[in-house]
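Novice: Sharing a structure below in structure tokens format, with a few things to ask.
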Amino acid sequence: MNTGRLLAISVVTLGLSFATQSFAQTFTYTQIDVPNSSGSSPNASNSYGQLVGTYTDADATLHGFLRFTDGTYLKFDYPGATFTSPNGINDQGVIVGRWTDSKGYNHAFVRSPSGIFSNFDPPAPCSPNNKDPTSAHRINNHGDIVGRCFAPNHHQYGWILHNDGTFEIVTGSGFASSDAWFAPNASQYIAGGDYTEEHTGLVKASIGSRVSLTGCCGTETAASRSWTHTTARRACAR
């Protein structure tokens, strides 16, 4: 019994110590305002501090922006787009995102550091002629891209575009739909979010091993690769 009390006190003390250290940290906040815009929304950054996101003009149209580390802005649109949303940028300055054509169909894009755009649409079961928000979400430093797409019946799928040009649809038996949001650089894997109405998550490795999460980051099942709870929670978030 005494051992149990000592353990409880130790855990509480550790928690208080951690909380004190956390609150002692200081942060610097920078306001993001794209010049001559009515609103600005950063979506992602790379390790150098470059930011990408959307801004709204006087006509309430959304456009893309890139904020450089010196605080200057570059405004851009996918050619011919009625809507442009940059969602991810890697350390090489490659940007990925979503654009909408004149018919209201959504597509994914890649923008090179020199400003060259490339359009792409995930393969079947996804449809390129779809007004659902098909999008590229993130790109890592290996060139792997993750995002989501929709079938003609509006079913949502997460996807991975590997740097060798091959597509992979992120799905699994028993899952109602899927999405893929994270493309980590630390190791050769893609983290995706596969979930049902009960929000069961999935972390998927490029080598094919998986970790399932029950109740949105509640429990982990055995897999051939070791995963941290932090990675799991990030993949489960939506």
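The values are calculated or read from the model by the stated rules, or taken from the named source; none is laboratory data. What you see is a predicted model; the values in this text were computed from it and never measured. Please note: Cβ atoms are built from the backbone with ideal geometry, for glycine as well, and neighbour counts cover all protein chains shown.
Novice: List the pairs whose first member sits in region 146-165 and is over 15 Å from His107 (Cβ atoms), whose second member is surrounded by 14 or more Cβ atoms within 10 Å (Cβ to Cβ) and of a type in the set (Asp, Glu), and whose Cβ atoms are under 6 Å apart, counting only residues at least 6 apart or on separate chains?
Specialist: Every condition considered, the pairs that remain are His154/Asp132; Gly158/Asp179; Ile160/Glu168; His162/Asp144; Asn163/Asp144.
Novice: Can I ask one more? Can you find, within region 151-163, the residue that is modelled with the highest pLDDT among those that are part of a loop (DSSP other than H, G, I, E, B) and closer than 14 Å to Phe120 by Cβ?
Specialist: Here the residue is Asn163.
Novice: Do we find that Ala44 is in contact (Cβ under 8 Å) with a residue 60 or more places away in the chain and buried (at least 18 other Cβ atoms within 10 Å of the Cβ) in this structure?
Specialist: Criteria met by Ala44.
Novice: Hey, can you tell me all the residues within region 151-170 that are farther than 16 Å from Asn130 by Cβ and of a type in the set (S, T, N, Q)?
Specialist: Of everything in region 151-170, those that are farther than 16 Å from Asn130 by Cβ and of a type in the set (S, T, N, Q) turn out to be Asn163, Thr166.
Novice: Residues being hydroxyl-bearing (Ser, Thr, Tyr) and in contact with a strand residue (DSSP E or B) (Cβ under 9 Å, 6 or more places away or on another chain): count how many of those fall in region 81-118. It would help to see each step written out before you state the result.
Specialist: Within region 81-118, the first condition is being hydroxyl-bearing (Ser, Thr, Tyr), and the residues that meet it are 82, 84-85, 100, 102, 105, 112, 114, 118.
So of that shortlist, the ones also in contact with a strand residue (DSSP E or B) (Cβ under 9 Å, 6 or more places away or on another chain) come out as 82, 84-85, 100, 112, 118.
Residues that pass the stated criteria total 6.
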